[in-house]
Amino acid sequence: MTMLNPDFAEELKQFSEDSALACFNCGTCAAICPLIDSHFPRSMIRYVQIGAKERILEAATELWKCLHCGLCTQTCPREANPGEIILGLKRLVLDHWRKS
Amino acid sequence: MTQAKEKEKQHATKVGVYICHCGGNISDHVDVEAVRRRLEKVPGVAVARTNMFMCSDPGQELIAEDLKNGVVDRVVVASCAPSLHETTFRNAIRRAGANPYIYEHANIREQVSWVHHGAAATEKAATLVEAAAAKAGLLRPLTPIRVTAARHATVIGGGVAGLSAARDLADRGIPVTLVEKSPCLGGQLARLDRIAPTGERAPELVRALADAVLNHPHITVFTDAQVIATDGYIGNFKLTVRQEVASEAFTGTEACYIPFSGMRPAGPSPSEPREFNLETGAIVVATGFRSYEPRQGEYGFGDFASVITLPTLIRKMAEQDTEGSFLEIDGRRIRSVAMIHCVGSRQIPGIHPEDASGRLNEYCSRTCCTATLNAACRIRETHPGTRVYELYRDIRTYGRGQEELYEQAARDGVVFLRFEPDQAPEVVRADPTDGYPLKIRVTDTLTFSENLEVPADLVVLSTGMEPNDVSDLVEMMKLPVGVDRFLLEVHPKLRPVEMPVGGIFVAGTCQAPFDVGETCNAAGAAAVKAASLLAEGHVELDPFVAEVDAERCKGSGACVEACLNPGALALVEMQIGGQTVRRAQVTPALCLGCGACVAVCPENAIDVCGMTLSQYEAMVDAIVADQVAADALR
Amino acid sequence: MTVPSQAKGNKILVLATESCAYPGADSVGQAHSTYPTNVYILRVKAPVLFPERFYLDCFRKGIAGIIVMSCGEECPYDGAYHALARRLDRVYQAMKAQGMDIRRLRLTAICTVCNRAFLNEVNQMNELVQKPAAGEPGQENG
Amino acid sequence: MDNSRNVDFDAVVIGGGIAGLQSALDLADQGYTVAVVEKDASVGGKMIRLSKVFPTLDCASCITTPKMAAAAHHDRITLFTYCDLQSLRRTGGMVRAEVQQKPRYVDAHKCIGCRQCEYNCPVMVSDREQGGFSPTKAIAIPFSNAIPQIAVLNPQHCMLCGRCEKVCPTQAIDYFQEPRSFTLTAKVALITTGFEMTTLGDKPQYGRGRIPNLIDALQMERLLAPHGPYNRVLRPSDGKVPDRIAYIQCAGSRDKSMGVSYCSRVCCMYAIKQAMLLSGALPLADITIYYMDIRAFGKGYEQFFQNAQAMGINFVKAKVAAVEPGPDGAVRLHYEAQDGDGVSTAEHDMAVLSLGLIPAWNPEGICPLATGPDHFLESPRPKLSPVATVMEGVFTAGAAVGPKDIVDTITEAGNAAMAAGKYLAALRASSARKHLVA
């Protein structure tokens, strides 16, 4: 059982634009992503929404598979800017690694 | 009329038979040409024609031309169910200058081509059309019954729909009486605060509408009042209204708005219950809805004080109307609110339990998604410290400005979780270490069906709509009720605000869940039908009523005894051949046309116009004709 | 030659009320369900119109079965249903007196969405009229 | 239909779809005279082009044609078809509508709708009324149940061979017909201009309309219609009976990458309706609806959705991200299966884009009506008077004022007729008062 942690979104604000909450989980970004055949990047965005920071850290290496081609951001129906969120998460993870 | 004479008459008429392909709906299964060829040979049938769409303009024109040219004087159209197009063709005949009651309809789509296939379908279609032609041969021109209509309408229910319909009718110059059960006007709208998505204040909307109604010279309002008896018919209803003594004494000389109750008209109310009669031409039923009451234990309702319904939340928030980092409810600081959608709506047999009377609300209540999002946005705006979670099945923000509200809620930080109906969230007491009194366990499909826990100080149930219990009106006025228990219109597209009893209309949430704007549309649509009805001062009714053959009637009185509508039939003294005799007489506007009298007359002296016993006998003869022919060959 | 599905002499007459059973039959059509072709539906305002002799005449003319599909207790004409039920009792007595199988006349209530009930009724009656049995019209004395 | 001179009415209705027809009928039944201005050659709007309608599955033609005929035959209603509205102004308490009738190249008074011109015309033209799947002629009656039944010549394709002129029994062909302008005056106006669909080309990821067997929902309406192009459902590229059919929801709604952020309100229900009709027409076919939220909000709609699930129609919660052509005419979809294995592809024999609704008319330059951010007409009082506009004496109903299904449109049209009727009654009363004073 994962307990939701809504404060994580706040924490992320210092690293990224605050658009993860705009995502309505349609999956376009995951399906359009040419590199990663999983739920990525929606999985990361969803973890931000529910505040599952440890999940993001566990799967951190996935973030670096993203080459920022911009397709997800271009096609996002809610303009949630998935590319920017992934970039922010990279910063967050780096910061976490630096601190630990 | 003797049988021989009737036969003679049947053959003296020229029946036109018009068979519809229905663009393949019929002709894919019924050989329409074969039917036409067979009908052409039937004695009494002058012409038989076919058309791709008989209901289309060229189709109707075929009939009109034949009538105008004197080729036919009786008409049979074989097409879809009569409920769809009987009126269409009667009107076409009327436009061609003929009497619309020389028409008979044969249903060869719903009752043939859609249920039978192959040669047997064609055979049956032909037989049904032959039967219709046999009846048509015996039809007589009839004159509609003209009834004067009281230029007055009664609206039952003083919520948005009732107020709006009353004002509409009164603005058209029609005097209106509005009867409201409770002491106040405004209905369920008075129990709301800000209305999504425009943010308008419900009390202001109620006040505006109620003021217009209370100050209207053509509207009389009775609160604490109910219709307890109805009588009469379209244009001439007689209602008995009972007004109770107001539960709380109110003697104000001006109407006043009571928050969460509505607009209280100026007093004083009667000191004793009173009953009075109303004569009215049309009735608008606008009896509204009530909010679903969750069952004991449903998502913890009743088990935990901090599980409340959305209407309760709206009221508590409005009454406090505070700003501040955290929402406070009953003095408790709310850090986290979880809102659960579809409570008492979209219930599924086998998953959701039925209530004591076996009912299940399988319908969507239409308004709750937006109302919930609206409340969530409001909380996030005025109490940014309070977290909001929404647990939903589908977000149904279908209306204008509603999808935007959904996005705004998301951007304001509302977290959405989606559950499948067979994996409903569970509201449980949290562990002391969780720091919250309650938590909700949910299998969230947005998070790859992981099991998540939502911490909650407050759980809000988005309860759906149920129609108000109007079984007394349903009984009295013979109103049809759908499987969803809302009042059932005649047809959602052809006659969306009409009840089958002429002159009775339906408006608003007693018919289906609607939001405020949709309710006003429904009220306007009902009002426009009532206005059209009452505009002329008289109403024309179908002439399908009993008729006495005074020559045959011996005055036995059997019909009067059998008659189901007191007053429709009576024995009266009249002069026949210089003698005073007692004979049966019909009051057409009161006759229901049921035919109870027909069956009991020992002299066959009474019949229902347009559906006489001999017409039915002719149809049966046509149906068995092939057997008779086969027997003859044997 | 295949036997036509609509063998002679097995026609079923349905008297269907215009406010309940007749739209009910239409609803069966809208669902594109199928039922035997020997079922002939006549639209009636209220079956209370028909005197006893109408039913007996129909059987005499060769109708094999009659189903009166009324609105039941929902009947829009107060009291008509009971008057109808009493009348049909008298028809049953007459049928018995003539040695007819009284199952060939059925009184039932069908609503506008009673698709399954409608199909049940017509299928049951069809089964009955397909078997030549004692009491078939015309064989009363056999 | 003599429109050579200016004519006075109580009300002018702009748009002869179901909303306009219903308002016109409800106004005329109250005793008012009504002019209906329709841009197409036939009234009936989008509804007459549909196969069947949800949730009753009545045939659309059976509900629309009686209303079309009733309006056409009503003593107090005059139809002006094939007419564009040039301007609509209020002056001196009156509404003046400048209207231009497009040339049919056929004399409307002489044409008897016999179709001899159509039968004899040698030029085949793709029939837009049949989704472009079957041909019509360069001169033709617009469609079988059109009202009025008057032929229209398509000048873009006509070769001026003269055959139609030769065979016309009433000498109705007029190759030199010019547009005709006239003015209608009325006391109130109703704007019921309806909607158009977004286009297949809106999203590059959906192939911009160039993927074979990826069609739009209105085209599927024609394939399903009893009087459709093939009289059965076949896929357009090769005439094969499709076994696997997909519906792509929100393919023109709720998607800012396509410029439409709102919900088009009807697509869930029309997709479910078409899926049910398809499973009736092709009982063995696999039908899948890819959706984000099923919005079955109206009376009887949820039950309709449940019935579709019970019939075996598959519902997959996913927004299709991209579509591309597959082998043998198949259509390949890419999506993220939320409950399954993440990113998935699926091949279907054909796929239908559930396109969204956009307004069919823009008041800019024609009349001073305001539009909202979604470009539909603005309704300043959407709660208590959804049919009011910012112009006095001008009312609106139906999809002109936001996407709407037929049931809601018909009810709203009734309310618009009520509002217009009230306005007319008030005018009548005040002019009577003036008379008394004078």
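Just so you know, all these numbers are worked out from the coordinates, no wet-lab data involved. Remember, it's a predicted structure, so these values are computed and weren't measured experimentally. Cβ: placed from backbone, ideal geometry, glycine included. Neighbour counts: every protein chain shown.
A few comments on the model shown:
- For B:GLU540 and B:ILE258, the FRET efficiency from 1/(1 + (r/R0)^6), where r spans their Cβ atoms and R0 equals 60 Å, is about 0.85.
- With the Kirkwood sum run over all distinct C-alpha pairs, chain D has a hydrodynamic radius of 23.2 Å.
- Computed log₁₀ I(q)/I(0) - Debye formula, equal Cα scatterers, no solvent, segment B:5-74, q 0.12, 0.15, 0.21, 0.28 Å⁻¹: -0.34, -0.52, -0.88, -1.18
- Listed residues D:CYS267, D:CYS83, D:CYS59, most fluctuating in chain D (Gaussian network, C-alpha, under 10 Å): D:CYS59
- Inter-label distance for D:GLU165 and B:VAL428, nm, one decimal - labels placed 7 Å from Cα along Cα-to-Cβ: 8.7 nm
- Rounded to the nearest 20, the size of the Cβ-charge dipole of segment C:27-89 about its Cα centre is 300 debye, with Lys and Arg at +1 and Asp and Glu at -1.
- Cα-Cα separations in segment D:103-177 greater than 22 Å, expressed as whole percent: 13 percent
- Positive-end ranking of C:LEU49, C:TYR81, C:GLN98 along the dipole of segment C:12-130, with charges on Cβ about the Cα centre, is headed by C:GLN98.
- Amide H contacts of B:ALA229 (H built 1.01 Å from N, under 5 Å, at least 5 apart or other chain): B:THR240
- Peptide B:403-412 - average C-beta neighbours from other chains (10 Å radius): 5
- Chain B: angle of helix B:3-12 to the longest principal axis, Cα-based, in degrees nearest 10: 80 degrees
- Cβ charges +1 (Lys, Arg) and -1 (Asp, Glu), total dipole of chain B, debye: 1200 debye
- The residues A:LEU67, A:LEU92, B:LEU142, B:LEU169, when put in order of fewest to most other Cβ atoms within 10 Å, stand as A:LEU67, B:LEU142, A:LEU92, B:LEU169.
- In terms of overall dimensions, the C-alpha atoms belonging to segment D:297-438 reach 82, 38, 26 Å along their principal axes, ordered largest to smallest.
- Every helix of 4 or more DSSP H residues in chain D counts as -39500 (n - 2.57), and over all residues that averages to -7500 deg cm²/dmol at 222 nm.
- Given B:LYS529/D:LYS67; D:LYS137/D:LYS166; B:LYS14/B:LYS68; A:LYS65/A:LYS99; A:LYS13/A:LYS90, the pairs whose alpha carbons are separated by over 18 Å: A:LYS65/A:LYS99
- Here the calculated FRET efficiency for B:ALA229 and B:ARG290, from their Cβ-Cβ distance with R0 = 22 Å, stands at 0.35, rounded to the nearest 0.05.
- Here, segment B:3-144 has an Rg and a Dmax of 13.9, 41 Å when only alpha carbons are counted.
- Counting Cβ atoms of other protein chains within 10 Å of each Cβ in C:77-87 and taking the mean gives 3.
- For segment B:190-233, average projected area of the Cα convex hull in nm²: 5.3 nm²
- Counted residue by residue at 0.36 nm each, then reduced by the alpha carbon distance between them, the extension gain from B:GLN575 to B:ASP549 reaches 7.9 nm.
- Selection of GluC sites (Glu not before Pro), segment B:481-557, meeting DSSP coil and at most 12 other Cβ within 10 Å: B:GLU551
- Note that segment B:292-463, at 4 °C in a medium of 1.567 mPa s, gets a Stokes-Einstein diffusion coefficient of 79 µm²/s from its Kirkwood radius over C-alpha pairs.
- Evaluated at q = 0.11, 0.24, 0.26 Å⁻¹: base-10 log I(q)/I(0), Debye formula over Cα of segment A:16-99: -0.24, -1.22, -1.45
- With R₀ set to 60 Å, the beta-carbon distance separating B:ARG333 from D:SER181 gives a calculated FRET efficiency near 0.30.
- By the count of other C-beta atoms within 10 Å, a proxy for reagent exposure, D:PHE182, A:PHE24, D:PHE195 are ordered fewest to most as D:PHE182, A:PHE24, D:PHE195.
- Cα pair distances exceeding 45 angstrom across the protein assembly as shown, given as percent: 44 percent
- Against chain D, whose longest principal axis comes from its Cα atoms, helix D:301-310 is set at around 20 degrees.
- Inter-probe distance in nm under a simple model that places probes 7 Å from Cα toward Cβ, at B:ASP621 and B:PHE448: 8.0 nm
- Residue-averaged beta-carbon neighbours from other chains (10 angstrom radius) around A:32-44: 3
- Of B:PHE448, B:PHE276, B:PHE416, the sequence from fewest to most neighbouring Cβ atoms within 10 angstrom is B:PHE276, B:PHE448, B:PHE416.
- Shape analysis of segment B:413-463 based on the Cα gyration tensor places the equivalent ellipsoid semi-axes at 19, 13, 11 Å, largest first.
- Taking max minus min of the alpha-carbon positions on each principal axis, segment D:199-356 gives extents of 38, 37, 30 Å, largest first.
- Stokes-Einstein D for segment C:12-130, Kirkwood Rh over Cα pairs, 37 °C, 0.692 mPa s (µm²/s): 230 µm²/s
- Calculated P(r) of segment B:511-634 - Cα pairs past 20 Å, %: 63 percent
- Nearest-ten-degree value, helix B:57-68 long axis tilted from longest Cα axis of chain B: 30 degrees
- Each residue of segment D:124-138 was assigned a 3J(HN,Hα) from its phi angle through the Karplus curve 6.51 cos²θ - 1.76 cosθ + 1.60 (θ = phi - 60°); the sequence is 8, 10, 4, 8, 4, 5, 10, x, x, 8, 9, x, 10, 10, 5 Hz, with glycine and proline shown as x.
- Here the protein assembly as shown is treated with +1 on each Lys and Arg Cβ and -1 on each Asp and Glu Cβ, and its dipole about the Cα centre works out to around 2300 debye.
- Positive-end residue, the protein assembly as shown charge dipole about Cα centroid, Cβ charges, pick of A:SER38, B:TYR389, B:PRO144: B:PRO144
- Ranked by how many other beta carbons lie within 10 Å on average, peptides B:433-445, B:500-512, D:423-435, B:600-612 from highest: B:500-512, B:600-612, B:433-445, D:423-435
- Rg of the Cα atoms in chain B, relative to 2.2 N^0.38 Å, amounts to 1.22.
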